[in-house]
Amino acid sequence: CSPPTEQMLLVGLPAAAATEPGAAPVVAAEPPQETAEESRPSSAKTFPGLGKSPLAGLTATDDEAPALDAETAFVYEAIGLSAETALVRFTAQPGYYLYRDKFAFRVADSSGFSVRSVSLPDGVVKDDPEFGSVPVIYGQVEIPVRLSRPAGPATTISLQADFQGCRDGDICYPPQSRIVSLELPPAASAIGQAVDAQAGDAPSAVTVPHNEQDRLARLLTEHVPKALLAFFVAGILLAFTPCVFPMVPILSGIIMGQGERLNTTRAFWLSLVYVLAMAVTYTVAGVLAGLFGQNLQAVFQNPWILSGFVLVFIALALSMFGFFELQLPARWQSRLAEASNRRQGGEWWGVAVMGFLSALIVGPCVAPPLMAALIVIGASGDAVLGGFALFAMSLGMGLPLILFGASAGKIVPRAGAWMNVVKAVFGVGLLALAIWMLERILAGGLIMLLWGVLAISCGVYLGALERVADGGSGWKRLWKSLGVLLVLLGALEVIGAAAGGNNWLRPLAGIQSRAAGTAEVNGPAFRRIKSLQDLEEAVAQANAQGKGAMLDFYADWCVECLRMERNTFHQAQVQALLGDLQALQADVTDNDETDQALMRQFGIIGPPAILFFDRNGQEMKAWRLVGYFDPDEFSRHLESVLTAQ
């Protein structure tokens, strides 16, 4: 539908001869002679929703008519034609024209939208008294303005137009600048380049990256079967990341708890129930996050909740070591046994609850496939399509767990000393998982100490401090060697913690820096920001220095964020490139109202996510990163960002 249009037409009427007394005379008007210059054909193109004015090109014949004010002489309107195109209409009143080369457009607000290209008509060449032979536009013209934009729902933007026009023969108006608001339809993925374009400019030659989440989001809206397969494969790959891998000891504990009842069939069904519960939880949590912008997993990263789970894992581990048996009071056991004789479903529900809690507690990382599904849900409101994508991804994540659980029923011995050894190994895995979860809420030095104690304890258990009898088997010597190695590694962790270290993956880094007389460098000198106002001020200061900015969304409970801190940010090549950017970091560990407001502003569901801003303060949406990147990948991306700024 075209927007409402109001036009004024000045018509000069010739004198008329009287035909009878008292009557107005009627005189046939002689048609005026037109010159080539005065013939003003409309240069408008026709697009859906807007029509071409049938009166375009008419001129006033009353040379004495007063000049119109600029608002009336030149009418500016715009509508949203598609998710990436605004259709602009200019109407120059008869007797007036616009200079083609004076048009320029830009998005006036800071909504992440920018002008990518403008398609102007050729116009008519006029010998103008001010500028000589220039192309001008008469009448009504429609101009498609293509935009770069982030993914998201239907959005209202403010489009500013700069232009200049004249009245034929006598008056030239000063340059005009006007703003209109229009609504653009939703976009399932980011579109175009994050650069401003003037009228007629060609797109930038910089290669715009297509990040993984945007590719998956576009695929999900265009080729659903292929997309679901891609999400399933992506889930399999995610199963081997630190966000999901800790579920292995949890599932192991469930299976080992079956004791003599364990067999391949039972192990398979336990694993399947666990994985399906996890998949349903991921799907529901993701759909809610996409619809309401609230990450349910982040809510469960409360220190008290995490501490409760840590105690459960420690108790399970000690039970596997044989310190005690975890069992209910005798009265409860008898009642449950009676119920079990009638129905076998209670145990499966317990496994399902563990899968549900594992999805919320253990793996709260945001990966590109998850972000892609959330983009589609948020942009289109299609929770069914996004939910199927999340479920396919979750099943892919759970497939290795099912294979592992089913195989445990075959390879684990039924009874005897070997069963105790296997249970002890899985007990160590549960203790390691407890330390891994405590890493989200405890200081790095204390975590180093806990890892050291666990390693030393395992070494002692393997006989590191015991003498191998003469003629001892090769296996005993192998276990003792492994035990000695674990004791040494544990000692390094303890010494590193005592020396002030905070990274258990680099236990001697603190000692080395002290010996060199320098402070340990763990990453770039991030400037911490909290609110949107803090961000705007920091980016403005960076722009004043001729720099762009990088914003890293970080949380202590985000495992992939910690990996980026340890493995990527402290590398020399990364820090050298970040020297040309203002490195900002938003610590959203608390997940309070201010943190959530900042994430909602940019459509971030949770960390890890890294945003880049150009030297004009606009986000470079196409360069956004989600998930973990190793130093080489991140360095190449930074080089692309710096080239595009």
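Here are some notes:
- Simple spin-label estimate for K530 and S177 in nanometres, 7 Å along Cα-Cβ: 3.5
- Within the range 538-645, all pairs of alpha-carbon atoms sorted by distance into 10 Å bins from zero give the percentages 15, 48, 34, 3.
- Mean Cα-pair separation over length for the range 63-150, i.e. relative contact order, pairs under 8 Å, 6 or more apart, %: 34
- FRET efficiency, N263 to V453 (Cβ-Cβ, R0 35 Å, nearest 0.05): 0.45
- Where the alpha-carbon atoms of the range 63-162 are placed on the principal axes, they occupy 52, 26, 20 Å, in descending order.
- Per-pair calculated FRET efficiency, R0 = 51 Å: Q7 and N616 via Cβ, rounded to 0.05: 0.85
- Note on F131/Q545: beta-carbon distance plugged into 1/(1 + (r/R0)^6) with R0 of 51 Å gives a FRET efficiency of 0.85.
- Overall form of the range 594-644 per C-alpha gyration tensor (a/c, 1.5; a/b vs b/c): oblate
Where a number appears in this text, it was derived from the coordinates with a stated rule and is not lab data. Given the structure is predicted, the values throughout are model-derived calculations rather than measurements. Don't worry about glycine lacking a Cβ; one is built from the backbone with ideal geometry, like all the others, and counts go over all protein chains shown.
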